[in-house]
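Below is one structure, written out as structure tokens; the observations come after it.
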Amino acid sequence: MTTIETRRRAPGTLPPGQRALDWFPRFGIDLTGPPPAVPDQPVIAITGAVCAPIEIPLTALDELPRITRRSDFHCVSGWTAVDLDWSGWSFADVYAAFIEPAVDPAATVTHLELVGADDVRFAITIADALADDVLLADRLDGEPLHGAHGAPIRIVSPSQYGYVNIKHLCRIEICTSEPKRQRSFLDTLLHGHSRARVWEEERHGTLPGWLIRPPYRLVKAIMLRTAARATH
Ligand SMILES: Nc1nc2c(c(=O)[nH]1)N[C@H]1C(S)=C(S)[C@@H](COP(=O)(O)O)O[C@H]1N2
Ligand SMILES: [Mo]
């Protein structure tokens, strides 16, 4: 097993506009309800531009080398959890071994839509998905991933904001263009940047990152209070 440091910050520094927490909150659309149930034999379904849809049993991932990586986790609302030890597999390895062979050879893949069991999703560009530091993680700090943090398996892309890091990953849609979804008013207001790189402060799809910090800070304060109450 190899441990690689992927942290890009110098000790004591954080990406622009981020503040460190001394805990790792559960965050997202649901802060208090039970996390989605984990099936007895979990799979990741591969759909979209494929020859035929397939299902990858999580047990098949054991064929690939397991890796552990220490990284910081940055939510777009402005909090950072430092020095998390994730364990799992390189997403690029999983893609090459299990996903790419199923893709329609005539398709030019531009995005992968990552879908969680709670139906929360994010369309990541294929280049960002295959970056060196992206993991499929099933363990955190030496323990199996807790439901709050994405059991049975989640994406960990430490150089992109939290909302890229889809928890409870159960399906990947292979896309030949950026999926366009209907947005609610709130979603339009808060709509995240499609690359979400933390060091570039790509928080928002249209507004500069620094400009959107104050409303996000408000969201952070309210949600962290709820998350803390649910945890303690
Ligand atoms: N399936 C799913 N994935 C998700 C979310 C969610 O609500 N559901 N929330 C996102 C957001 S906004 C953040 S900051 C991180 C939070 O991860 P954590 O709960 O492990 O801290 O998960 C991301 N992935
Ligand atoms: Mo987030």
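Picking from L114, L31, which residue would you name as being in a strand (DSSP E or B) and within 16 Å of ligand 2 (Cβ to nearest atom)?
Exactly one of L114, L31 is in a strand (DSSP E or B) and within 16 Å of ligand 2 (Cβ to nearest atom), namely L114.
So T80 ticks every box in (1) among the β-branched types (V, I, T); (2) at pLDDT below 95; (3) within 16 Å of ligand 2 (Cβ to nearest atom) but one. Which box is left unticked?
(2)
How many residues are away from ligand 1 (no atom under 14 Å from the Cβ), part of a loop (DSSP other than H, G, I, E, B) and not small (G, A, S) when one looks only at segment 43-90?
5
Is segment 36-48 home to any residue that is modelled with pLDDT of 95 or more, crowded, with 16+ Cβ neighbours inside 10 Å and closer than 30 Å to R213 by Cβ?
no
Report, ordered by the first and then the second residue, all pairs with beta carbons closer than 7 Å, sequence separation of six or more or different chains, a first member in segment 156-183 that is of a type in the set (D, E, K, R), and a second member that is in a strand (DSSP E or B) and within 14 Å of ligand 1 (Cβ to nearest atom).
K167/G116; K167/R154; R171/I44; R171/V115; E173/E113; E173/V115; E178/A123
The values are calculated or read from the model by the stated rules, or taken from the named source; none is laboratory data. Note that the coordinates shown come from a computational prediction; the quantities given were computed from them, not determined experimentally. We place every Cβ from the backbone using ideal geometry, glycine too, and count neighbours over all the protein chains shown.
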